[in-house]
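Enquirer: Attaching a single structure in C-alpha cells format; questions to follow.
The values are calculated or read from the model by the stated rules, or taken from the named source; none is laboratory data. Small disclaimer: the values here were computed from a predicted structure and weren't measured. Cβ atoms come from the backbone with ideal geometry, glycine included; neighbour counts cover every protein chain shown. Surface accessibility is based on the protein's heavy atoms, side chains included, excluding ligands, DNA and RNA. Shrake-Rupley method; radii C 1.70, N 1.55, O 1.52, S 1.80 Å.
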Amino acid sequence: MKTSIALLASLATASAFAPTTPCTPKTSALSATRRESIEQLFGNTAAAAAMVLTAASQPASAATKAAEEAEYNELIAMLKARSEENQEANKNYAMRANKLAKEDFDDVKNRRPKLIIVSTSKGNKILTKEEFNTYNNDGKIDTVYGTRMKQGGGEMKDYNDITYVLKD
C-alpha cells in the first residue's frame, strides 16, 4: 500500500517538472508520451495528489485492499509494457549529448506548483495559487507585514516578512 502511494506521489510530482517543450525532434515523441501517460493516469497533478492523500487517510478493508492491489498490479503491468515499447527511444534520450540544454529548462519556473502558506486559527494551511486568489478576492485573507528595526532606532514595516491570515 505504502509503495503504491509513494509511486503515485512520485509520478504526480514528476509530471509537474516534466519538460513541456521538446529539445530535439528525437526526444519530442518520448517526452510527449510520458507526459500524456501521466495525464491519462491521473488527469492532473492536483487530482493525483488528492487521490494519494485520500487513499492514505482512509482505513482500507480487505476488499478495498484487494482492489487497490489489483489496480497497482495493472498500473505496473501497463508501465512495464510502455517501457518495453519505448526502450529504444529511452536509450536515445539517455544518450543525448545536451542533457542540460537551456531549452529544456526555460519554463522551469512556470512548471513549479504555486503553493502559498496561510495562517488559520487551527494552524497553517497550504493553498494553491488559484485557491488563494479566490479567498483573496472574496476578502477572506488579511496580509500582515512584520516589523524590523531601523538603523537609527525605532521600528518600521518589513515588506519582506509577509504573513497571510485566513479569516474565520
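Enquirer: Considering the options Asn86, Ser119, Thr134, tell which one lies farthest towards the positive end of the dipole of segment 49-168, charges being +1 on Lys and Arg and -1 on Asp and Glu at the Cβ, about the Cα centre.
Expert: Of the options given, the answer is Ser119.
Enquirer: Averaging the inverse of every distinct alpha carbon separation and then flipping it gives the Kirkwood radius. What is it for segment 102-168, in angstrom units?
Expert: 14.3 Å is the Kirkwood radius here.
Enquirer: Same structure, new question: Determine which aspartates and glutamates satisfy two conditions relative to Lys65: a Cα distance under 15 Å, and not lying fewer than 8 residues away in the same chain.
Expert: Within the straight-line limit of under 15 Å, Lys65 reaches these aspartates and glutamates: Glu74.
Enquirer: Where does the charge balance sit around Met156 when Lys and Arg score +1, Asp and Glu -1, over other residues with C-beta under 13 Å from its C-beta? Don't jump to the answer; show the numbers that get you there.
Expert: On the way: positive: Arg148, Lys150, Lys157; negative: Glu155, Asp158, Asp161.
After counting each charged neighbour, the total is 0.
Enquirer: To the nearest 10 square angstrom, what accessible area does Ile116 show with a 1.4 Å probe?
Expert: That residue has around 40 Å² of solvent-accessible surface.
Enquirer: Heavy atoms only, probe 1.4 angstrom, no DNA, RNA or ligands counted: give me Asp168, Asp158 ranked by accessible area, highest first. Display every interim value, and only then the final one.
Expert: Numbers: Asp168 155, Asp158 30 Å².
Result of the area sort, largest leading: Asp168, Asp158.
Enquirer: How much accessible surface area, in Å² rounded to 10, belongs to the heavy atoms of Thr128 with a 1.4 Å probe?
Expert: Probe radius 1.4 Å; accessible area of Thr128 about 50 Å².
Enquirer: Pull up the cross-link candidates among the lysines for Lys109, meaning alpha carbon to alpha carbon under 25 Å and not fewer than 8 places away within one chain.
Expert: Result set, ordered by chain and number: Lys26, Lys99, Lys125, Lys129.
Enquirer: Residue by residue, what Karplus-based ³J(HN,Hα) values in Hz, rounded to whole numbers, does segment 147-161 have, using 6.51, -1.76 and 1.60 with θ = phi - 60° and x for Gly and Pro?
Expert: 10, 9, 7, 6, 4, x, x, x, 10, 8, 5, 10, 6, 8, 9
Enquirer: In addition: Please give the contour-minus-distance gain from Lys99 to Met149: 0.36 nm per residue of separation, less the Cα-Cα distance, rounded to one decimal in nm.
Expert: Details: separation 50, 0.36 × 50 = 18.00 nm, distance 4.72 nm.
Working it through step by step, the gained length comes to 13.3 nm.
Enquirer: For a protection proxy built on the mean count of beta-carbon atoms within 10 angstrom, sort 65-75, 131-141 highest first, please. Intermediate values should be presented prior to the final figure.
Expert: Details: 65-75: 12.2, 131-141: 13.8.
Highest mean packing first, the order is 131-141, 65-75.
Enquirer: By the gyration tensor of its Cα atoms, with a ≥ b ≥ c the square roots of the eigenvalues, what is the shape of segment 53-165: rounded for a/c under 1.5, prolate for a/b over b/c, or oblate?
Expert: Numbers: a/c = 3.69, a/b = 1.58, b/c = 2.34.
Oblate shape, in that a/c is at least 1.5 and b/c is the bigger or equal ratio.
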